[in-house]
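The values are calculated or read from the model by the stated rules, or taken from the named source; none is laboratory data. Here the structure is a predicted model, which means the values were calculated and not measured. Here the Cβ positions follow ideal geometry from the backbone for every residue, glycine too, while neighbour counts run over all protein chains shown. Keep in mind that these areas ignore ligands, DNA and RNA; they rest on the heavy atoms of the full protein, side chains included. Shrake-Rupley method; radii C 1.70, N 1.55, O 1.52, S 1.80 Å.
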Amino acid sequence: MSPARSLTIAMASFCLAVTLVSSIPFNEVRAADQKILHMPDADAKRGKALFAERGCVICHSVNNVGSEVATSLDASNMNIAREPFEFFARMWRGAPQMLALQQADLGYQIDFSGQDIADIFAFVQSREIQEGFTEQDLPDHIKEIIDNGPSAAFE
């Protein structure tokens, strides 16, 4: 079996296990080996701020704010299940392009904690919080990058 296929099977198994476990209404659940798996509380309002401040909006739009270099992340248009691991898998598949664009547009690679990612995921799933997302939420340096056009690194 190829390493890529083995990894795919392992990830699918992990995602299935987490999906089953996530139906339990606790933030901490016991895994099979009795270690505690911690699922962070997700804060959509904090995710909204991170989405703007960290520069996700340079490539992705929400509520018609941002760029269309990459997929729109409007909750109303999300065609993936509300499954965090699928969202993260899509981010992972786009990682090389995202990292190159971050370096080109921001001059550095964005660093996210697990909590940051959970909060951003909550934001992209929340129609209510997204409806309040406007250009006023963007820091000046992010507005400037959007106004000048995000990097043409992949044109």
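Annotations
- Residues satisfying the stated conditions in the range 115-145, i.e. touching a helix residue (DSSP H, G or I) at 6+ places or on another chain (Cβ under 6 Å), assigned to a helix (DSSP H, G or I) and in contact (Cβ under 8 Å) with a residue 60 or more places away in the chain: Asp116, Asp119, Ile120, Phe121, Ala122, Phe123, Gln125, Ile129, Gln130, Asp137, Ile145
- Residue within the range 90-113 that is of a type outside the set (Asp, Glu), in contact (Cβ under 8 Å) with a residue 12 or more places away in the chain and more than 20 Å from Ser61 (Cβ to Cβ) present: no
- Flag for Asp74 being of a type in the set (D, E, K, R), loosely packed, with under 11 Cβ neighbours inside 10 Å and touching a Lys or Arg at 6+ places or on another chain (Cβ under 9 Å): no
- In the range 125-136, the condition of being open to solvent by 30 Å² or more (accessible area, probe 1.4 Å), out of contact with any Leu (no Cβ under 6 Å at 6 or more places or on another chain) and among the small types (Gly, Ala, Ser) is met by at least one residue.
- Glu68 being open to solvent by 50 Å² or more (accessible area, probe 1.4 Å) and assigned to a helix (DSSP H, G or I): no
- In the set (1) in contact with a strand residue (DSSP E or B) (Cβ under 8 Å, 6 or more places away or on another chain); (2) without any contact (Cβ under 8 Å) to a residue 40 or more places away in the chain, the condition left unmet by Asn64 is number (1).
- Any hit, the range 107-118, residues being of a type in the set (Val, Ile, Thr) and surrounded by 15 or more Cβ atoms within 10 Å (Cβ to Cβ): yes
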